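Here the structure is laid out as structure tokens; the discussion comes afterwards.
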Amino acid sequence: MDLHYGEAGTGLPLVLLHGFPLDHTLWFPQLESLAGVARVIAPDLRGFGRSPEASATTAMEVHAQDVKQLLDRIGITRAVVGGLSMGGYVALAFAEMYPEMLQGLILCNTRAVADGEAARRRREITALKALDGGVPELSRNMVGQLISIHSAKAQPGLDRLVEAMLIRQSASAWAASSRGMAIRPDRTPLLAKLQVPALVITGSRDTLILPAESEAMAAKLPHAELVVIPDVGHLSNLEAPSAFNAAVRKFLHCVVRTGVQ
Ligand code: MLT
């Protein structure tokens with residue numbers, strides 16, 4: 001599967017994996033502003049954006065394999081891998097499957113634990129609704145959960161930009177990754193084994209994945225820093241690009257300085 005991707009900058013490879021059900025344009029503020037410090041690579045995960053169609057279920061491991069294949073294709077052997085929400089589930093799968101390729105890990109608004117029964121049922125309802133022509137309605141309902149009220153007020157038009165990103169994703173991608181997230185394993189035991197530098201970022205007003213979950217995850221990572229951005233919701237990189245980019249820039253300097261190979 002040849003993933004479509006956006007790229008900017010040179011130097012330390014930084015791979016950024018978008019959340020559900022979004023695409024690589026989520027990372028425009030990072031592609032623009034981190035290009036001075038890294039080679040930023042932001043793929044459209046399978047089925048999303050301009051990447052080829054998804055199958056019935058896309059497990060997080062399949063997304064991780066696609067990312068590995070992309071890195072092989074463009075000649076990258078090691079990278080800092082970051083992911084937001086579902087992108088974080090994929091980043092953790094990647095960390096487990098290809099530890100030798102991991103130079104650092106950035107986990108944004110995400111969690112290591114698996115879904116419970118109720119969440120799995122909700123995912124299946126989302127998948128069925130998406131396949132039944134429900135993407136516009138699902139998108140309208142989801143926007144308010146993704147960005148905080150504060151961000152919506154502070155940045156007029158942000159809600160419409162996010163809604164447009166949701167609506168343009170195919171029903172099959174919504175369904176396949178929804179079902180894929182439902183079957184992801186608990187990767188909490190992996191956290192203690194990750195010896196690379198890690199950065200955990202969240203927003204104080206993330207209601208989809210509570211800041212407490214990020215705190216718990218950061219506490220289990222051996223070399224992690226936690227950054228909680230005030231007044232920000234689930235899409236921290238888009239809602240507060242300056243604070244987000246500053247945290248990532250500082251982290252990348254630390255990765256380079258510690259030179260973990
Ligand atoms: C995401 O933003 O990727 C999703 O909210 C993740 C999830 O539904 O668990």
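The values are calculated or read from the model by the stated rules, or taken from the named source; none is laboratory data. Every value quoted in this text rests on a predicted model; they were computed, and no experiment measured them. Neighbour counts run over all protein chains shown; Cβ positions are idealised from the backbone, glycine included.
The C-beta contact set for segment 25-44 (first residue at negative phi, second residue among the aromatic types (Phe, Trp, Tyr), distance under 8 angstrom, 6+ apart or interchain) comprises 29/244; 30/244; 40/27; 41/5; 42/5; 42/27; 43/5; 44/5.
If I filter segment 135-169 down to residues being of a type in the set (Gly, Ala, Ser) and surrounded by fewer than 17 Cβ atoms within 10 Å (Cβ to Cβ), which single residue comes out as nearest to residue 234 (Cα to Cα)? Result: 144. In segment 68-75, is there at least one residue being at pLDDT 95 or above and in contact with a strand residue (DSSP E or B) (Cβ under 7 Å, 6 or more places away or on another chain)? Yes.
In segment 1-67, counting only strands (runs of 3 or more DSSP E) that sit wholly within it, the ones holding 3 or more residues that are away from the ligand (no atom under 16 Å from the Cβ) and over 18 Å from residue 102 (Cβ atoms) span 5-8. Looking only at residues of segment 70-113 that are assigned to a loop (DSSP other than H, G, I, E, B) and touching a Leu at 6+ places or on another chain (Cβ under 8 Å), we find that the one that is farthest from residue 213 (Cα to Cα) is 77. Working only within segment 35-64, note down all residues that are within 29 Å of residue 246 (Cβ to Cβ) and not hydrophobic (A, V, I, L, M, F, W, C). If the condition is that a residue be within 29 Å of residue 246 (Cβ to Cβ) and not hydrophobic (A, V, I, L, M, F, W, C), then 36, 39, 43, 44, 49, 63 are the ones that fit. Restricted to helices (runs of 4 or more DSSP H) entirely inside segment 147-229, those with at least 3 residues that are within 16 Å of the chain's Cα centre (by Cα) are 158-167, 171-182, 211-220. Listed by first and then second residue, the pairs with beta-carbon distance under 8 Å, at least 6 apart or on different chains, first residue in segment 227-251 and without any contact (Cβ under 8 Å) to a residue 60 or more places away in the chain, second assigned to a loop (DSSP other than H, G, I, E, B), are 228/204; 229/204; 229/240; 230/204; 243/232.
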